[in-house]
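Following: one structure in structure tokens, then a few remarks.
The values are calculated or read from the model by the stated rules, or taken from the named source; none is laboratory data. Computed from a predicted model, the values in this text were never measured in an experiment. Glycine gets a Cβ as well: all are built from the backbone with ideal geometry, and neighbour counts include every protein chain shown. Each accessible area value is taken on the protein alone, full model and side chains, heavy atoms only, with ligands, DNA and RNA left out. Shrake-Rupley method; radii C 1.70, N 1.55, O 1.52, S 1.80 Å.
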Amino acid sequence: MEPQSVERRLAAILAADVVGYGRLMGQDEAGTLGALEAHCKELINPKIAEHRGRVVRLTGDGTLAEFASVVDAVTCAVEIQRAMAERNADIPEDRRIVLRVGINLGDIIIANDDIHGDGVNLAVRLEGIARAGGVAISQPVLDQIQDKLKIAFEDAGEHRLKNIARPVHVWHWAASAPALHEGPTDKGSPLPLPDKPSIAVLPFDNISGDPEQAYFSDGITEDIITALCHFSWFFVIARNSSFTFKGKVVPVRQVGRDLGVRYVLQGSVRKAGKRLRVTAQLIDARADRHLWAERYDRDLEDMFAIQDEITASVAHEVAPQLLSAEIKRARRRTLPHLDTWGRVMRAHERLAYYKKEANAKARNLLEEAIQHDRNSSLAYADLAFTHCMDATFAWTENIEAAFAAAVEAARSAIANNPRDPWARCMFAWTRLFGMPEHEVAIRELEGALETNPNLAFGHILLGWILALAGQGRRGDRHAELAIRHSPRDPFVSMFWAARGFTAFAVGAYDKVVEFGHRSIQQEPPFIGGYRILAAGLAQTGRIEEAREVAAEFMKRAPGMTLRVVRKQQPWKREQDMAAFIGALRKAGLPE
């Protein structure tokens with residue numbers, strides 16, 4: 001039991017120390033101690049008191065303080081750091097007292113006027129990774145100060161800190177950071193970010209030592225720009241702007257500011273004899289953080305074929321990375337202040353949870369997004385997706401109403417942007433409801449892929465519908481292509497289940513079992529993966545296993561019956577429908 005004198009409470013904890021304290025003491029012990037004492041007496045302690053904080057204890061080079069208000073703690077820290085920068089202006093750099101500060105919001109234990117606990121430990125760890133002259137805060141701190149303080153923090157991502165069990169999301173402030181209310185100046189201020197993920201592809205460097213190879217690196221850059229432009233939900237800087245950086249050494253953060261983009265793709269090309277090496281890396285320019293990098297080594301036989309291969313590979317990798325980064329960025333923001341794109345991204349993430357509750361939450365977010373922007377094709381398309389999922393897995397008592405709502409949302413998506421490949425995918429999916437229109441759905445998907453041949457979900461949906469239409473072998477080519485193009489796709493579990501359908505369509509039941517297992521082994525597993533696996537096991541005579549898998553399927557989709565399956569898996573040929581329904585009947589699905 002804790003002693004009676006122990007008190008617990010929630011507090012904002014500020015931990016500060018001196019950067020390079022040992023070095024300073026080694027140079028001039030008396031001078032360092034005198035300067036630090038003056039800073040504490042004239043600035044640090046008065047600021048803490050001014051902002052209603054309490055100095056808990058002093059160490060040789062540091063301070064630990066607690067605040068009842070997170071806003072007070074952050075304001076105090078930033079004011080101290082700005083004042084320290086002014087006090088150091090006329091002091092030689094090697095003799096400056098420079099602080100770093102960490103702030104956390106957490107539960108603390110108060111005993112004998114001292115504070116303890118994980119909340120304190122985390123503040124100290126944040127101080128340890130703060131930048132010199134800067135402030136590092138945890139995600140709970142940012143959540144509390146958003147829209148209350150006009151102070152800009154940069155996203156530093158998740159960190160694993162010593163003796164802290166879980167990864168901690170960290171945000172940095174530096175003395176050079178502007179206040180959020182400060183408007184742009186005529187020179188050097190960033191352009192506002194577009195309302196969608198924005199990227200600039202810088203000219204790939206020719207490091208071959210042969211100026212004649214410059215045309216090849218320029219060609220790769222132009223092709224990647226063109227490929228990314230096929231993704232309608234990305235804002236891609238035009239070639240003429242990107243190429244103004246050719247041959248220049250400019251910090252990526254400055255490129256992002258100058259072009260008004262969050263992400264920058266850069267790379268290099270090297271030719272040596274008959275070998276070619278291309279490197280590419282994706283960077284979050286605002287956070288100055290690498291997201292992805294890859295190297296491609298090829299024999300130099302057909303230069304243009306190699307150029308096409310590398311361009312396609314980079315485009316397929318970068319698009320999911322951008323989408324993943326946007327989802328994570330949206331997830332960190334508090335709901336009342338999410339813009340349309342943020343709501344759509346948080347909803348899009350939930351679509352791949354394959355759960356009824358997550359699907360309903362995604363729909364709520366999308367409906368809110370549409371209230372803010374009725375021209376968002378992506379929001380309507382994702383809304384159609386949620387209704388399709390409800391109907392597909394009987395997550396609603398009125399499946400017909402879910403079908404109708406999906407059709408209406410898909411039509412709105414197409415009306416807002418007839419050429420949006422994602423909208424056309426959702427429109428194609430809804431063509432199978434009611435009176436199945438396989439040919440219309442196939443044409444829509446072929447059109448979507450003509451606009452954006454990199455769209456993995458378009459390939460997988462086309463593969464599934466071709467299987468339902470009795471063209472399993474052609475469908476399997478598209479399903480295989482989808483998985484090869486986007487092996488880390490959030491929907492990859494769904495991809496493997498769809499490939500199970502293409503195998504079922506041609507009677508390759510051992511492959512159905514293989515692909516079904518691949519689907520449910522992903523995390524999270526796609527519910528439909530259990531269904532196609534149960535059907536494959538039944539067709540291979542493994543009835544007991546089929547019944548176990550079907551029971552798990554019905555547990556995850558409790559309203560599922562063979563009648564529902566007939567509606568939402570409309571095989572065009574009667575023999576295919578009979579085989580599929582017969583397999584699920586053997587597996588134990590009720591009529």
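Annotations for the structure displayed:
- For the chain, the Stokes-Einstein estimate of translational diffusion at 4 °C and a viscosity of 1.567 mPa s comes to 47 µm²/s, using the Kirkwood hydrodynamic radius over alpha-carbon pairs.
- Relative contact order %, the chain, counting alpha carbon pairs below 8 Å whose residues are six or more apart: 7
- The C-alpha atoms of the chain define a longest principal axis, and helix 303-331 lies at about 70 degrees to it.
- Helix 472-485 and the long axis of the chain differ in direction by around 10°, with both axes built from C-alpha atoms.
- Cross-linked pairs LYS248/LYS328; LYS150/LYS248; LYS355/LYS555; LYS246/LYS274: Cα-Cα separations exceed 22 Å for LYS248/LYS328; LYS150/LYS248; LYS246/LYS274.
- Cα centroid separation, the stretch 397-468 to the stretch 5-46 (Å): 62
- The alpha-carbon of LYS572 sits under 18 angstrom from the alpha-carbons of these aspartates and glutamates, leaving out residues fewer than 8 places away in its chain: GLU437, GLU439, GLU444, ASP476.
- Cα gyration tensor, the stretch 457-514 - rounded (a/c under 1.5), prolate or oblate: oblate
- The stretch 104-131 versus the stretch 218-238: alpha-carbon centroid distance in Å: 47
- 0 to 90° range, to nearest 10: angle between helix 356-372 axis and the chain longest Cα axis: 70
- When the surface is traced with a 1.4 Å probe over the full set of protein chains, TRP429 keeps roughly 20 Å² accessible.
- Whole-Hz Karplus values for the stretch 25-33 come out as 5, x, 6, 7, 5, 5, x, 5, 4 Hz, taken residue by residue from phi with 6.51 cos²θ - 1.76 cosθ + 1.60 and θ = phi - 60°; glycine and proline positions read x.
- Interchain or long-range residues, amide H under 5 Å from SER208's placed H: LYS271
- The protection proxy used here, the mean number of other Cβ atoms lying within 10 Å of each residue, ranks peptides 343-351, 355-363 as follows, highest first: 343-351, 355-363.
- Backbone phi angles across the stretch 534-547, fed through the Karplus curve with coefficients 6.51, -1.76 and 1.60 (θ = phi - 60°), yield HN-Hα couplings of 4, 5, x, 5, 5, 5, 9, x, 8, 5, 4, 4, 4, 5 Hz in residue order; Gly and Pro are listed as x.
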